[in-house]
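Colleague: A single structure is presented below for examination.
The values are calculated or read from the model by the stated rules, or taken from the named source; none is laboratory data. Nothing here was measured: the structure is a model prediction, and the numbers come from that model. Reconstructed Cβ throughout: ideal geometry from the backbone, glycine too, with neighbour counts over all protein chains shown. To get the accessible areas, we keep the full protein, side chains included, count just its heavy atoms, and leave off ligands, DNA and RNA. Shrake-Rupley method; radii C 1.70, N 1.55, O 1.52, S 1.80 Å.
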Amino acid sequence: MSVWLPTAPCTPGACVEPAPAAAAVPRAVLRLTAVVALVLAGVTLTPLGGRIPAEWVGRWCRAIVRAIGVQVRITGAAAPSGGLLLVANHVSWLDIPLLTAVRPARMLAKTEIRQWPVAGALAARGGALFIERDRLRALPETVARIAEALRQGAAVAAFPEGSTWCGRAHGRFHRAVFQAALDAGVPVQPVRLRYTQEGGTASTAAAFVGEDTLLASLWRVARTRGLVAEVEIRPVIQPGTHPDRRTLAAAARSIAPEPDWTHAVLVADAQASPGRGAGCISHAATAAPTRPATTALRTTDGTARR
């Protein structure tokens, strides 16, 4: 793996807190069965291509999220039509159907996903743009492909952090994908994703981080009661309002929820000192900050750029 690839310090042991209230096993099994049925239905209908109305695609994506027991709350104005770069912070595999529910889009995905059973075929048929993340020389060609799709009026969805974070800490937005929006002269639609328990308390139950497996994440989400996905559609960033990809990425990055800097520092420390990560969530929630925010920012950014 190349050293320049985006990484996150978040791990299941350090970040993912146990669900305060777990659904019964039979209910969780029923939820997973419903998700599998919906995904297989999507695979069956995908060859129909453009004959599936975009509204149906959005409803199908919401149905997948709800089938696994997650409530969806979407706020903000509808995303505009035409060429559009759709960007969001990245926490979970749930982010993908949630973004598609905002507006059906061609997903920017790593090439490894193409090899996944069922999901890989579904992503390819859905027009995903695959990126070879371990080949830096392929980046200009990828940016050109994204720009061409945008010029043709497609929406392209991307997670500029480049890796999943737990939701209490966040990574920086990498700039390359924003160059495609500048080259194509299309707007950028930021979307803020946040997972909470009923009552508004932030939750990491949906986080899909580190060495976590998809099956383990699916089961954890299915067993969690009262999980809510909050999807906030932020004001669109019109073309021509930012002169370069650095300022455009910074403007889009402002969508992310305020991070818990104490948690971010403790996760980074847990990476450096094995065995400390198990209690970092509870400690972060109760302890007063022991380091200034600027130090925390440097710590998390330094870790993310490993």
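Colleague: Sort out which residues of segment 145-168 are in contact with a helix residue (DSSP H, G or I) (Cβ under 7 Å, 6 or more places away or on another chain) and of a type in the set (Val, Ile, Thr), and write them in order of number.
Modeller: Result: Ile146, Val156.
Colleague: Kindly indicate whether Ala144 is open to solvent by less than 10 Å² (accessible area, probe 1.4 Å) and not in a loop (DSSP other than H, G, I, E, B).
Modeller: So Ala144 does not fit the description; no.
Colleague: Go through Arg220, Arg194 for me and flag whichever is touching a residue at least 24 places away in the same chain (Cβ under 8 Å), assigned to a strand (DSSP E or B) and either surrounded by fewer than 17 Cβ atoms within 10 Å (Cβ to Cβ) or among the basic types (Lys, Arg) (or both).
Modeller: Answer to the selection: Arg194.
Colleague: Follow-up. Condition (residue is under 28 Å from Ala77 (Cα atoms), part of a helix (DSSP H, G or I) and touching a residue at least 24 places away in the same chain (Cβ under 8 Å)) applied to segment 164-175: is it met by at least one residue?
Modeller: Scanning segment 164-175 turns up no residue that is under 28 Å from Ala77 (Cα atoms), part of a helix (DSSP H, G or I) and touching a residue at least 24 places away in the same chain (Cβ under 8 Å).
Colleague: Next up: Which of the residues that make up segment 61-92 are surrounded by fewer than 17 Cβ atoms within 10 Å (Cβ to Cβ) and either closer than 23 Å to Ser163 by Cβ or not charged (D, E, K, R) (or both)?
Modeller: Of everything in segment 61-92, those that are surrounded by fewer than 17 Cβ atoms within 10 Å (Cβ to Cβ) and either closer than 23 Å to Ser163 by Cβ or not charged (D, E, K, R) (or both) turn out to be Gln71, Ile74, Thr75, Gly76, Ala77, Ala78, Pro80, Ser81, Gly82.
Colleague: Which one is surrounded by the most Cβ atoms within 10 Å (Cβ to Cβ) among residues in segment 14-30 that are modelled with pLDDT of 85 or more and farther than 11 Å from Gly69 by Cβ?
Modeller: So, considering only residues that are modelled with pLDDT of 85 or more and farther than 11 Å from Gly69 by Cβ, the one surrounded by the most Cβ atoms within 10 Å (Cβ to Cβ) is Val29.
Colleague: Continuing with this model, one more query. Go through segment 223-247 and give me each residue that's more than 18 Å from Ile64 (Cβ to Cβ) and outside any loop (DSSP other than H, G, I, E, B).
Modeller: Glu232, Ile233, Ile237, Arg245, Arg246, Thr247
Colleague: Can you find even one residue in segment 32-39 that is modelled with pLDDT under 90 and surrounded by 15 or more Cβ atoms within 10 Å (Cβ to Cβ)?
Modeller: yes
Colleague: Six or more apart or on different chains, Cβ atoms under 7 Å: show the pairs whose first residue is in segment 53-72 and under 24 Å from Pro26 (Cβ atoms) and whose second is open to solvent by 60 Å² or more (accessible area, probe 1.4 Å) and part of a helix (DSSP H, G or I).
Modeller: Short answer, once both residue conditions are applied: Val72/Arg62; Val72/Arg66.
Colleague: On to the next question. Could you check Ile113 against (1) within 15 Å of the chain's Cα centre (by Cα); (2) modelled with pLDDT of 85 or more; (3) outside any loop (DSSP other than H, G, I, E, B); (4) not aromatic (Phe, Trp, Tyr) and say which number it fails?
Modeller: That leaves (2) as the condition not met.
Colleague: Looking at segment 155-191, which of the residues that are open to solvent by 30 Å² or more (accessible area, probe 1.4 Å) and farther than 14 Å from Ala88 by Cα is modelled with the lowest pLDDT?
Modeller: Arg168
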